[in-house]
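The values are calculated or read from the model by the stated rules, or taken from the named source; none is laboratory data. All of these numbers come straight from a predicted model, not from anything done at the bench. Cβ sites come from the backbone with ideal geometry, for glycine too, and all protein chains shown count toward neighbours. Accessible surface areas use protein heavy atoms only, side chains included; no ligands, DNA or RNA. Shrake-Rupley method; radii C 1.70, N 1.55, O 1.52, S 1.80 Å.
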Amino acid sequence: MASATSPTGWTPLRDGCHAWIAGADGWGMSNAGLITGRGTSLLVDTLYDLRLTRAMLDALTPLTATAPIATVVNTHGNGDHWFGNQLVAHAEIIAARGSLADMRQVGPAEMRALTGMDNRTGRFARRIFGRFDFTDLDPVLPTRTFDGETALDIGGTEVHLIDVGPAHSAGDTLVHVPRAGVVYTGDIVFAGATPVVWHGPFARWLAACDLLLDLDADIIVPGHGPVTTKRAVREIRDYLAHVHEQAGLRFTAGMPVMDAAHDIRLGRFADLGESERLAVNVHTVYRELDPSLPRLDGPGLFGCMAELSADA
């Protein structure tokens, strides 16, 4: 498996493409990207709080001094990929329509409420998110949405946006730079960490992996973890297929969802970080198989992960 830890900072890729790598693993430590053209740049995602986003923007000043950021693409609606938008509010901010819906549902206020809960869920949330500062965040939402696919011209560089959601979330945008053979995947790819299927269906995420495997790109910038190759895409696909199969077997046997999460053995995927996300993934499978099951809200899902983490 690929390691989820690498040095923090901007990594040049090729043909004006760069990656910002978080440099640490764990919840919320997300990556970003920069695509520079003639006199302008596109930023792929901001980070979870203002401190991290400001440090990233300061570090890229040598690149953006002659190619200012005029466009931002938020790959999806999880806060670790857009909470820093207020620092680039001057730019056109683009996201898939489903991503905007997610952003409107869960913003900084909801994260403050989650981490402030006085129970096991709150303690778990504080443990995994304690490094981030959710105060003083002004939720700046995208100014432009798209459906399906769209193309952008970034100072002469063609950039394709492909919404492969709902999968990880309600909208999941791949940012593909054909000339460079680079694709920024958002959280469709976790390198060295467990993927979490907040939304599903699993079939959409598996199809997104197949699309990535067929795409003319040999450099993969994941939402979390180091710059990688299509090997990481295959690993994510294999994990998702394994969990879907194992959860389905237990659903058919009548096993309750959390019993199934405790019972499933991950085999070669057991060394992936944040393995407690299995609880969410099993719940998503059960809801696919029985749509009458109630959808859990954010605190409910984090409560399931807190239980699985505590009993691991």
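Assorted remarks:
- Test: residue in the range 149-156 that is open to solvent by less than 20 Å² (accessible area, probe 1.4 Å) and within 18 Å of the chain's Cα centre (by Cα): no
- Of the helices (runs of 4 or more DSSP H) entirely within the range 203-312, those holding at least 1 residues that are touching a residue at least 24 places away in the same chain (Cβ under 8 Å) and closer than 30 Å to Pro12 by Cβ occupy 230-252.
- Only a single item in (1) open to solvent by 20 Å² or more (accessible area, probe 1.4 Å); (2) small (Gly, Ala, Ser); (3) touching a residue at least 40 places away in the same chain (Cβ under 8 Å); (4) not in a loop (DSSP other than H, G, I, E, B) is not met by Gly33, and it is number (1).
- Some residue of the range 96-110 being crowded, with 18+ Cβ neighbours inside 10 Å, among the hydroxyl-bearing types (Ser, Thr, Tyr) and more than 27 Å from Ile69 (Cβ to Cβ): no
- Residues of the range 170-199 classified as small (Gly, Ala, Ser) and surrounded by 23 or more Cβ atoms within 10 Å (Cβ to Cβ), total: 4
- Test result for Thr71, closer than 20 Å to Asp187 by Cβ, in contact with a Ser or Thr (Cβ under 9 Å, 6 or more places away or on another chain) and surrounded by 17 or more Cβ atoms within 10 Å (Cβ to Cβ): no
- Scanning the range 83-137 for residues that are farther than 28 Å from Glu307 by Cα, in contact with a helix residue (DSSP H, G or I) (Cβ under 7 Å, 6 or more places away or on another chain) and either of a type in the set (Phe, Trp, Tyr) or at pLDDT 95 or above (or both) gives Gly84, Leu87, Ile93, Leu137.
- Verdict on Ala24 being at pLDDT below 95 and in a loop (DSSP other than H, G, I, E, B): yes
- Scan of the range 164-183 for residues that are over 28 Å from Thr66 (Cα atoms) and either outside any loop (DSSP other than H, G, I, E, B) or touching a strand residue (DSSP E or B) at 6+ places or on another chain (Cβ under 9 Å) (or both), ordered by number: Val164, Gly165, Ala167, His168, Ser169, Ala170, Gly171, Asp172
- Cβ-Cβ contacts under 7 Å between residues 6 or more apart (or on different chains), taken from a first residue in the range 168-191 that is in contact (Cβ under 8 Å) with a residue 12 or more places away in the chain and closer than 22 Å to Val106 by Cβ to a second residue that is open to solvent by 10 Å² or more (accessible area, probe 1.4 Å) and of a type in the set (S, T, N, Q), are listed as Ser169/Asn78; Asp187/Asn78.
- Selection status of Thr66, out of contact with any strand residue (DSSP E or B) (no Cβ under 8 Å at 6 or more places or on another chain), open to solvent by less than 10 Å² (accessible area, probe 1.4 Å) and hydroxyl-bearing (Ser, Thr, Tyr): no
- Residue identified as among the hydrophobic types (A, V, I, L, M, F, W, C), modelled with pLDDT of 95 or more, open to solvent by 30 Å² or more (accessible area, probe 1.4 Å) and within 18 Å of the chain's Cα centre (by Cα) among Leu141, Leu161: Leu141
Conditions tested, residue by residue: (1) under 23 Å from His76 (Cβ atoms); (2) of a type outside the set (Lys, Arg); (3) surrounded by fewer than 23 Cβ atoms within 10 Å (Cβ to Cβ); (4) touching a Lys or Arg at 6+ places or on another chain (Cβ under 6 Å).
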{"position": "Leu212", "(1), (2), (3), (4)": "yes, yes, no, no"}
{"position": "Val227", "(1), (2), (3), (4)": "yes, yes, yes, no"}
{"position": "Asp238", "(1), (2), (3), (4)": "yes, yes, yes, no"}
{"position": "Ala253", "(1), (2), (3), (4)": "no, yes, yes, no"}
{"position": "Arg287", "(1), (2), (3), (4)": "yes, no, yes, no"}
{"position": "Leu296", "(1), (2), (3), (4)": "yes, yes, yes, no"}
